Structures are given as C-alpha cells and as structure tokens.
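Report on one structure; see the data block that follows.
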Amino acid sequence: MNDPRPANWNDLTAEGDVNLSPLRRAWEAEHVEGATRELLDADSEYFLHQSLSTPCFNALAASDGIWLTDVAGRRIMDFHGNNVHQVGYRHPHVVAAVKRALDTLPFSPRRFTNAAAVELAAKLASLARGTLSKVLFAPSGALAIGMAMKLARVATGRHKTLSMWDSFHGASLDAISIGGEAAFRRNMGPLLPGAEHAPPCDPGSCPFRCGERCALRCAEYVEYVLDREGDIGAVIVETVRSTDVQVPPPDYYRIIRHACDRNGTLLIFDEIPICLGRTGTMFAFEHYDILPDMVVMGKGLGGAVFPMAALIARRDLDVAADRALGHYTHEKSSIGCAAALATLDVIENEGLLEKSRSQGAAALQRLRQLKDSHPVIADVRGIGMLFGVELARGGRPAPEVAERMMYASLARGLSFKVGQGNVLTLSPPLTIAPDDLDRALDILDAALTEVEGLAVLR
Ligand SMILES: Cc1ncc(COP(=O)(O)O)c(C=O)c1O
C-alpha cells in the first residue's frame, strides 16, 4: 500500500508540538531575551528535559480570561490551554470558591469526606445520565484512566483491553500501554500485556482507505476483534479525539456498543479534554445515542486552577470495595471539588453549552471560508468549540507548514496546539467574546498568508 506520509512521520507527529526543532530555536532567537531568557535557562538547568515541555520556549507571568501574559509583557490568546480552560483563566466565581476553600478546609485527609466532594459527586452523577452514577476522583486524567482500567479488570475478571492507535490517554505506564503514540511508547516497554490496538476512526491514518466519508470499517474491525478474542475486558476510546479533532460518524459507537454488549466487554470513554462543553454538550457522548459503562473526565474540571479528574461508572460496577482503585492523597480535594463545582456553575449560569454550539458553528463556517482562500488547508473540521485545520501540500500531510504556522501565529499573539504533526487544533475558552474569536481567526488568516508565501515552502 502506498503510504503518503513522510518516513520520519512518527517523529513529526507527537501529541503536541516538538520542542527540539530548529524552528523553535529560530523563534526563541527572535522573541526571547532578558528576564525570559534567564528563566528559560534556569528551567533548563533544573528540570529534567523531556519531549513536549522542558526546554520551554517562553515564560509566563500571568493569565486572565482567554489571555496569557508572558514575562516580557506580551499578551497571547490561549487556544491551547492544555484543555483546562473551558471557563477561561481566573474566572472570578472559580477563584472566589477556591479562596473560600483555602480559608476553611484546604485539605481533606482521605479517611474523611467533605461537603464539596459529596456535592460534586452528586452533581456529576446527575449530569452523566442513566446509571452512570458512581464516582471516584483523582488528581490527574492518567490516574483516573488507571482507575477505570483497574475497575474493568475487577468487574470483568479480564485483563485485556482494546484501544486505538494514535490515541492518548495520559503519560503513565498503564496509560501509554493503551495509548497509541510512538513518542510515548517507543523504547518504554514492556508495556501492559493484553493491551491490544485497533485503527482509530480517522480518515488520515485509516488503513481501510474508505475515502472522504468514513464507511465504518474501523468500527467493524473493533467488532471483529471483540468477537474473535471473546475475552477483552474493556474498549477504551476518546469519544472525540481532541489532538487532531476526529469526530466519528453517528453509527460508529452504536456498532461498538453492540459488540461490547455481545462480548461482556465494558465501554470506557475518555473525555478528559473534551467534556464540559468543549463539543457543545456537557459530555461528548451525548452526540451519540448510546451510553458508555464508564466515562473519565479531567482537565477543565479543576476550573484551570486545580488538578482534578473523575471516573464516573455505572452504579452496578461498584464491585471493588475490597480493593484500592485510586487511593490518591488528594482524592477528595476540598479545593479541587470547590473549583469543579464553581466551574459547573459557570457553565450553567453563562450558558456555555449553547454558546459553544452557536459561536462554534459560526467560527467553523469562517474556517471553511479560509479553506477556500488558502490552498494549504486540506480539511477543516469541528464540533462545538473544538476545531481542527489540517494542512497538506501536494496531497501529503505538511507538518513543516503546521510548525511554521504555530510560530507565525504565536508572533501575532495566538497560541494553539499542533496535533498529529499537521493539524492546527484550536480550543478557545468557551467564555471567549465573539470579537476576540474573530480576531484570532484574522491572525490565522494572516499567518497562513505569510507561511504560504515563504520561498522555502515553494
Ligand atoms: C484524551 C486524554 N486522556 C488523558 C489525558 C491525561 O490527562 P492528565 O495529563 O491530566 O494526566 C489527556 C491529557 O492531555 C488527554 O488529552
């Protein structure tokens, strides 16, 4: 089969942008000096270097709403935010709730409960629908994924999992075992036994080559593996993939749900970056007419303040009373729970789900117009306030253009993620004002014009 991707594709397609590239150094040479340089050098001196963080390329002094302010005083619209910022930074309602918790109960030792934790668990159970009503908290998404994997083992008596190539579920060893990105897995083995993988619902990397529209061969493949193996404990999947914005067609999860039911396999949705309104609904699975057996949320749950994640499971999966599934020191964090409750208030009070749908639809339309005037855009896709702009040249993915786009946009005050090497992934805070969203798309337009005009890319 003729693979259109470059030979070094795995090096180019990390979960985020690559921090060792020559373009990164060129950007720093032009934009970094003085106090920022000193901080970056100290960061590099004291932190272990790793892909996707240290060495960093800029240093921050403050954040507010959609804005980051760097040490040099430049303001940057944050359409990346590691997906923690559905309600923006320093939302006053969230900050006030956290301050109250700091002044009353800053830590809740694990053998006690507290009112904020109970209220949050009840609230999440009421939002998640159906029998998804038993909750466990953790201080990171990867840890919550690990709890889901453990619960699946206890509940089914099976250790095998099926997850997707290219997926990301966190950076811990159990999470990279089910994850599918080479940058995390390469030379890290042996990983967990029984962690099987299937092709994702992603036309870009789909080996079935269904064409422009997904013909659901990917879902049928999952069905085939489940039926054939017969002993897979759980299918774990990002409902909508946030790194490169892959939105499976409506029947995808219906097929997988039926196959799971037929085989006694649990269906676990990882909604860590995309719940809480990112896709226009509280949970992304609401776009599909099925329920998972467990859903994992995180990131924005802590209101862009506190590390906070949650596993929500079917009530009858409360079967591990004699085992420790999580046992994390900050499990029922009174601060994290206060931040999460305040975040949910903001989403409700400010109508952020409806705003995500309506403002998102308008922005998607504008991005589609950009596609008409910029030949380097191969595809534009989106759901709610999550957008992917896929770049290609001569019919091949164009990671070199995507990286230049990132720096050209940063220089104009817009930060976003680059997913799978060639997808500009835009996740603005849901609180963004329409004018600011327009301004960000103007920046994208101008950066595209600049990059398309570069002699080096002709
Ligand atoms: C889909 C998905 N799952 C899990 C995680 C891991 O979350 P955390 O970094 O809080 O461990 C992430 C983080 O980027 C993610 O995007």
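Can you tell me which residue is farthest from the ligand (Cβ to nearest atom) among those in the range 287-310 that are closer than 11 Å to Asp270 by Cβ and assigned to a strand (DSSP E or B)? Ranking the qualifying residues of the range 287-310, first place goes to Met294. For the range 394-417, a tally of residues being open to solvent by less than 10 Å² (accessible area, probe 1.4 Å) and under 15 Å from the mean Cα position of the chain (by Cα) returns 1.
The single condition among (1) open to solvent by less than 10 Å² (accessible area, probe 1.4 Å); (2) modelled with pLDDT under 95 that Leu344 does not meet is (2). Any residue in the range 49-64 that is more than 16 Å from the chain's Cα centre (by Cα) and either part of a helix (DSSP H, G or I) or crowded, with 21+ Cβ neighbours inside 10 Å (or both)? Taking every residue of the range 49-64 in turn, none turns out to be more than 16 Å from the chain's Cα centre (by Cα) and either part of a helix (DSSP H, G or I) or crowded, with 21+ Cβ neighbours inside 10 Å (or both).
When the range 74-124 is filtered for residues that are open to solvent by less than 20 Å² (accessible area, probe 1.4 Å), part of a helix (DSSP H, G or I), away from the ligand (no atom under 16 Å from the Cβ) and under 29 Å from Phe168 (Cβ atoms), the ones remaining, listed by number, are Val94, Val98, Ala117, Leu120, Leu124. For Asp17, the stated conditions hold: it is within 16 Å of the ligand (Cβ to nearest atom), open to solvent by 30 Å² or more (accessible area, probe 1.4 Å) and either at pLDDT below 90 or assigned to a strand (DSSP E or B) (or both).
Within the range 229-276, restricting attention to residues that are over 21 Å from Ala155 (Cβ atoms) and away from the ligand (no atom under 16 Å from the Cβ), the residue that is surrounded by the most Cβ atoms within 10 Å (Cβ to Cβ) is Tyr252.
The values are calculated or read from the model by the stated rules, or taken from the named source; none is laboratory data. Note that the structure is predicted; figures quoted are calculated from it, not measured. Please note: Cβ atoms are built from the backbone with ideal geometry, for glycine as well, and neighbour counts cover all protein chains shown. Accessible surface areas use protein heavy atoms only, side chains included; no ligands, DNA or RNA. Shrake-Rupley method; radii C 1.70, N 1.55, O 1.52, S 1.80 Å.
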